[in-house]
Amino acid sequence: MTWNGDEYQARFDRIASEGGDVHGEAVLVRSFGPAAVLDAGCGTGRVAIELARHGIAVAGVDGDASMLATARRLAPEIAWHQLDLVGFDLGRLFDVVVMAGNVPLFTPRGTESALVAGVAGHVRPGGRLVAGFSLDRGYCLDDYDAHCRAAGLVLEARYGSWSRGGYSGGDYAVSVHCRF
């Protein structure tokens, strides 16, 4: 898949200019009181930039050069890393690792377990992995939960939206897994 970071960001800029809330992911992440967050699959940096605006130390990882070029232009002070999310290692731990924007659905089929293991490897003890993605594209919650368990994480909460709406079996879920 080929991305255009500026076009992708323009969509969110338009939503915000029309009064839409584009920071639901950041609000949920901030509710955990993190000092350091990894935005895995950060795209143009929308979530990371909002978290940094609130004094949280952030880093972003994405595999797409165009998305990261936009992120670097918007927030050059943030550490942006162009890496494949399957098997990457930044050599540090975070209070929260967030995967917003259907990240597991953009990795090659069959690599989901390695993706989860890689991002979970950046969650400190007592920290959380927070991910939201559509469930109608071949990657189900049972598999995701199993991948999280294999990576040493336990399900803490599940929502139907980033605003903590209840999950009752819909086609989208936000999952919070914790490392104890």
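Scanning the stretch 136-180 for residues that are assigned to a loop (DSSP other than H, G, I, E, B), among the polar types (S, T, N, Q) and under 17 Å from Arg30 (Cα atoms) returns Ser161, Ser163. Which residues, taken from the stretch 54-65, are crowded, with 17+ Cβ neighbours inside 10 Å and outside any loop (DSSP other than H, G, I, E, B)? Those that are crowded, with 17+ Cβ neighbours inside 10 Å and outside any loop (DSSP other than H, G, I, E, B): Val58, Ala59, Gly60, Val61, Asp62.
Only residues that are assigned to a helix (DSSP H, G or I), among the hydrophobic types (A, V, I, L, M, F, W, C) and at pLDDT 95 or above were counted in the stretch 106-135, giving 6.
Please tell me if Val47 is over 17 Å from Leu115 (Cβ atoms) and outside any loop (DSSP other than H, G, I, E, B). So Val47 passes the test. Within the stretch 53-75, residues that are under 22 Å from Val27 (Cα atoms) sit with their Cβ atoms under 9 Å from residues that are of a type in the set (Lys, Arg) and buried (at least 17 other Cβ atoms within 10 Å of the Cβ), at 6+ positions apart or across chains, in these pairs: His54/Arg30; Ile56/Arg30; Ala71/Arg46; Leu74/Arg46. The residue that is surrounded by the fewest Cβ atoms within 10 Å (Cβ to Cβ), among those in the stretch 31-53 that are under 19 Å from Val176 (Cβ atoms) and not hydrophobic (A, V, I, L, M, F, W, C), is Gly33. Can you go through Gly101, Gly110, Gly127 and tell me which one is open to solvent by less than 40 Å² (accessible area, probe 1.4 Å), on the phi > 0 side of the Ramachandran plot and among the small types (Gly, Ala, Ser)? Answer to the selection: Gly101. Which of the residues that make up the stretch 60-87 are of a type in the set (A, V, I, L, M, F, W, C) and modelled with pLDDT under 95? Of everything in the stretch 60-87, those that are of a type in the set (A, V, I, L, M, F, W, C) and modelled with pLDDT under 95 turn out to be Leu85, Val86. Looking only at the stretch 130-142, residues that are open to solvent by 50 Å² or more (accessible area, probe 1.4 Å) and under 18 Å from the mean Cα position of the chain (by Cα) come to 2 in all.
Would you be able to say whether some residue in the stretch 17-26 is of a type in the set (Asp, Glu) and free of Cβ contacts under 8 Å to residues at least 24 places away in the same chain? Yes: the stretch 17-26 contains one or more residues that are of a type in the set (Asp, Glu) and free of Cβ contacts under 8 Å to residues at least 24 places away in the same chain.
The values are calculated or read from the model by the stated rules, or taken from the named source; none is laboratory data. Note that the structure is predicted; figures quoted are calculated from it, not measured. Heads up, the Cβs are rebuilt from the backbone with ideal geometry, glycines too, and the neighbour counts pull from every protein chain shown. Calculation scope for accessible area: heavy atoms of the full protein, side chains included, ligands and nucleic acids excluded. Shrake-Rupley method; radii C 1.70, N 1.55, O 1.52, S 1.80 Å.
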